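Reviewing the structure listed below.
The values are calculated or read from the model by the stated rules, or taken from the named source; none is laboratory data. Since the structure is predicted, the reported quantities are computational estimates derived from the model, not experimental observations. All Cβ positions, glycine included, derive from the backbone under ideal geometry; neighbour counts span all protein chains shown. SASA here: full protein model, heavy atoms, side chains in, ligands and nucleic acids out. Shrake-Rupley method; radii C 1.70, N 1.55, O 1.52, S 1.80 Å.
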Amino acid sequence: MPLQKTRLLLPVLGFFCLLGGARAQGAPAAAQAPVCVHDESVKERFLPVELLTGSPMPAGNELVMAPVERTYTFSDELPDGSLAGGDVTLKGPVAWQGQGGKNYEVYERKVPRAFERYAMTPDRTAMGRVFDQRIGNITNEGKYPIGMWTQGQKRTYATYYEFPRGTRYEPSHLEMEKLSCVWEGIPGAMQYGYKTSGSSYGYVYAPGKGLVHVMTRVRAN
């Protein structure tokens, strides 16, 4: 039987773009990518941190980084339409001192190629990386929307990446594509887009699950 060449697909999740998966080169997609069915009646919504972590959804509208320690699996839709996937371990919160001696409350996340730390942005409208082992410290990255958002809303974050070779300014952009949608029978999921100058991703989060699907639209080199 001829051997098929394989390659390891590790798209950068950059909230969070760090994915791992493997598939045979040239092989057709094993399954069609799932779709989060948009509930167009929802125009404004409070997005709690628990939608990110997969913890039970809260009753009130408070942004709280509640304790979590779990490993979860998600699917990754690649630009050619094929599917891969990966596992992520998330735990915290823990105290951590970042760029300029600033103290953060962070979640720590491990993926196949990296270790990351996430915290709320100063305006508490998003969470983003404050550390990535492949980059260094990061300031004011918008990676995951939290708090009050409206359908179609866009926000831009002035983000600074502290690479070993120096600081780079790179705005990060969030766009609310489906403020509320149904993911494989689970209502109250959410889909949004994340962009920088060199990458574009879409993410779906579902209550009780956390991250369930990534759409790698333009992969950073």
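Amide H contacts under 5 Å for residue 148: 47, restricted to partners 5 or more places along the chain or on a different chain, H placed in the peptide plane at 1.01 Å from N. Couplings for segment 36-51, taken from phi via the Karplus curve 6.51 cos²θ - 1.76 cosθ + 1.60 with θ = phi - 60°, read 8, 6, 5, 9, 6, 6, 8, 9, 9, 7, 8, 9, x, 4, 5, 5 Hz in order; Gly and Pro are left as x.
Between residue 155 and residue 35, full extension at 0.36 nm per residue minus the direct alpha carbon distance yields a gain of 40.8 nm. Only lysine pairs 8 or more places apart, or on different chains, with alpha-carbon atoms under 26 angstrom apart are counted in segment 83-221, and they number 21. Computed over protein heavy atoms with a 1.4 Å probe, the accessible surface of segment 170-221 works out to 35 Å² per residue. Annotation for residue 110 and residue 135: the two label points, set 7 Å from Cα along the Cα-Cβ direction, are 2.2 nm apart.
Distance from the C-alpha centroid of segment 171-189 to that of segment 61-103: 16 Å, rounded to the whole angstrom. With the highest mean first, a sort of the peptides 38-45, 174-181, 191-198 on other beta-carbon atoms found within 10 angstrom per residue produces 174-181, 191-198, 38-45.
Database remark: amide H of residue 188 closer than 5 angstrom to the amide H of 181 (H placed geometrically; neighbours at sequence offset of 5 or more, or on other chains; Pro and chain starts carry no H). Averaging sequence separations of C-alpha pairs under 8 Å and six or more residues apart, then dividing by the length of segment 38-175, give the relative contact order as a whole percent. Reported as a whole number, the value is 17 percent.
Which FRET efficiency value, to the nearest 0.05, do you get for residue 59 and residue 182 by plugging their Cβ-Cβ distance into 1/(1 + (r/R0)^6) with R0 = 25 Å? According to the calculation, E is roughly 0.70. If you look at the Cα atoms of the chain, you get an Rg and a Dmax of 17.1, 59 Å.
Using the heavy atoms of the protein chains and a 1.4 angstrom probe, tell me the accessible area per residue for segment 91-131 in square angstrom. Show your work: numbers first, answer last.
Details: 1920 Å² over 41 residues.
Result: 47 Å² of accessible area for each residue.
Across the accessible surface of the chain, with the other protein chains kept in place and a 1.4 Å probe, carbon and sulfur atoms take up 51 percent.
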